[in-house]
Amino acid sequence: MVSAQRFNLRSSQRILFFWLVFDALIHICLEGPFVYLSMHGRTVNASRGFFASVWQEYSLADSRWGVADPGIVAVELLTVVVKGPLALYTSWLVLKDNAKYHIWLCFLCLAELYGDYMTFVPEYFTNAAALDTQNPLHLWFYLVISNGAWVITPAYLLVKSTYALVRMADASSVPPPPPPKKIV
């Protein structure tokens, strides 16, 4: 078993490492089955099994998840195929204390925020037709808290890594050479 502590990481890097691994597991192991259950004529609502029941429960809060809504499935396909592996790769860079993780973390965070945007902004234009905002559990736990974690955390990490990249760029800046002396 690999331990983040064994790699002598700062506590903030350890937290980031575990967030990225958690993020990857959610994307691949939980959202992956959703994509599978929603492609090639299948729907979550017509499926059986553990993952089908998880997504059927979530679809009580957002009905688009139960009926294989093309916009949702497209965003989730990108999530499973790109964001999950990218989160794993970025976690490996964090574990190795490779500063390049900031670049990949910025890409990942932008993709996370884009996915949230494309999931919930269309609902604004339909007056939240697919969302159950009357049930407090569905509204606050399923929609606000569980999805909010994938808005607040990536936004914070994006700002933090952007500042780190700017600091690295400033530190590596070399002053221009002096103008050549004129030979008289």
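Any read-out appearing in this document is the output of simple, stated calculations on the displayed coordinates, not a laboratory observation. For clarity, every value in this text was computed on a predicted model and none was experimentally measured. Reconstructed Cβ throughout: ideal geometry from the backbone, glycine too, with neighbour counts over all protein chains shown.
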Taking Cα atoms only, helix 84-95 is inclined relative to the longest principal axis of the chain by an angle, in degrees rounded to 10, of 40 degrees
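Can you compute the helix-only [θ] at 222 nm over the chain? Use -39500 (n - 2.57) per DSSP H run of at least 4 residues, normalise by all residues, nearest 500 deg cm²/dmol.
On the way: 7 runs with 104 residues, N = 184.
That comes out to -18500 deg cm²/dmol.
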With no solvent and one equal point scatterer per Cα, compute the Debye intensity ratio I(q)/I(0) for the chain at 0.13, 0.20 Å⁻¹ and report its log10, rounded to two decimals. -0.75, -1.34
Between 0 and 90°, nearest 10: helix 11-25 axis offset from the chain longest Cα axis: 40 degrees
Please identify, among Ser12, Ser59, Ser173, the residue showing maximal mean-square fluctuation in a Gaussian network model of the chain using a 10 angstrom Cα cutoff. Ser173
Please work out the FRET efficiency for the pair Val151 and Ala46, using the Cβ-Cβ distance as r and a Förster radius of 41 Å; give the result to the nearest 0.05. 0.85
In straight Cα distance, which lysines are under 20 Å from Lys160, not counting same-chain residues fewer than 8 positions off? Lys83, Lys96, Lys100
Derived scalar couplings ³J(HN,Hα) [segment 168-184; Karplus, 6.51 cos²θ - 1.76 cosθ + 1.60; whole Hz; x for Gly, Pro]: 5, 5, 5, 5, 8, 5, 9, x, x, x, x, x, x, 6, 7, 8, 9
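I'd like the FRET efficiency for Ala129 and Lys160, computed as 1/(1 + (r/R0)^6) with the beta carbon distance as r and R0 of 30 Å, rounded to 0.05.
Values: r = 36 Å, r/R0 = 1.20.
Computed FRET efficiency for Ala129 and Lys160 comes out at 0.25.
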